[in-house]
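I have placed the structure first, in the form of structure tokens, so that the comments after it can refer back to it.
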Amino acid sequence: MLEEARPLIRQNAGRRRDTTELKVTRTGDLAELLSGWRTLADEGAPANPFAAPEWTATWLRHFVADRDTAVLAVHRADRLIGLAPWYVRRLPGGVRTVQLAGTLRHPELTELPQVLTAPGEHRSVLRAVINYWCTSPRDWDWLELPVGHGQGWFEPEWLGSDFVVRHKAVRPAVVLPLPGDEAALRSGLKRNVNESIRRARNRLDKSGQPWEITTHTGKIGR
């Protein structure tokens, strides 16, 4: 069920793709989004398996209480054009941070947390989800917004005068073509990359959660 719906947000009418209104809704029931979410992941982040609903929804189900799930869906008319899988993290002293699924709690499991956007809708979606949180400033104290490759940059004008922006870090990411078996993959990697893989396995073991590697074919998210 939709927990909360924001009024329609009218974007800059001077840009063609922004001449229609956007609707931002917050939900904790992820099942109702799955069909459109899969399509959006295939279109907007085909090279990022961590943006697929099978990964993100599973992470939220295991590590976040229902009351703290804060997934925002952005629609233009009836089309899902954006999905921001946030959750509220509660810290000592009553501090609340808004984080994307995969960050801070077991971050070793998720390499690339991302706000999903349809092609050509990056700026509209990011502005809309930031606008949502800015209209509810008492619900949070700190919000983190990772901006992925091809999504442009954060614009302070999205915020009101009561907010402060701080740039934290830049994280590089590399996508490699995979051969048919692990031996062929490892033989073609440099020593430091193999060492990184070994450390990644160790971090997974130390997380205390069961894990395994499985093989999938076809499009990511299917």
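The values are calculated or read from the model by the stated rules, or taken from the named source; none is laboratory data. Worth saying up front: this structure is predicted, and the values here are computed from it rather than measured. Please note: Cβ atoms are built from the backbone with ideal geometry, for glycine as well, and neighbour counts cover all protein chains shown. Side chains are part of the model used for accessible areas, which takes the heavy atoms of the whole protein and leaves out ligands, DNA and RNA. Shrake-Rupley method; radii C 1.70, N 1.55, O 1.52, S 1.80 Å.
The trypsin sites (Lys or Arg not before Pro) of region 135-206 that meet both conditions, a loop assignment by DSSP and at most 14 other Cβ atoms within 10 Å of the site Cβ, are 166, 168, 190. Dividing the radius of gyration of the alpha carbons in the chain by their Kirkwood radius gives 0.98 for Rg/Rh. Selection among 134, 104, 85 by position relative to the dipole of region 80-222 gives 104 as farthest towards the positive end (Cβ unit charges, Cα centre). When you filter the chymotrypsin sites (Phe, Trp or Tyr not before Pro) in region 84-190 for DSSP loop state and at most 10 other Cβ atoms inside 10 Å of their Cβ, you are left with 153.
How far, in degrees from 0 to 90, does helix 53-63 lean away from the longest principal axis of the Cα atoms of the chain, to the nearest 10? Rounded to the nearest ten degrees, it is 90. Heavy-atom accessible area, probed at 1.4 angstrom with all protein chains present, ranks 80, 40 as 80, 40, highest first. Full extension of the segment from residue 190 to residue 153, taken as 0.36 nm per residue of separation minus the current Cα-Cα distance, would add 10.1 nm.
Rolling a 1.4 Å probe across the protein heavy atoms gives the chain an accessible surface of 62 Å² per residue. For the chain, lysine pairs with C-alpha atoms less than 29 angstrom apart, excluding pairs fewer than eight positions apart on the same chain, total 4.
Per-residue ellipticity at 222 nm from helix content only, as computed over the chain with -39500 (n - 2.57) for each DSSP H run of at least four residues, stands at -8000 deg cm²/dmol. Within the accessible surface of the chain, defined with a 1.4 Å probe on protein heavy atoms only, the carbon and sulfur portion equals 53 percent. Put simply, region 58-119 fits an ellipsoid with semi-axes of 23, 14, 10 Å; these come from the alpha carbon gyration tensor as the roots of five times its eigenvalues, largest first.
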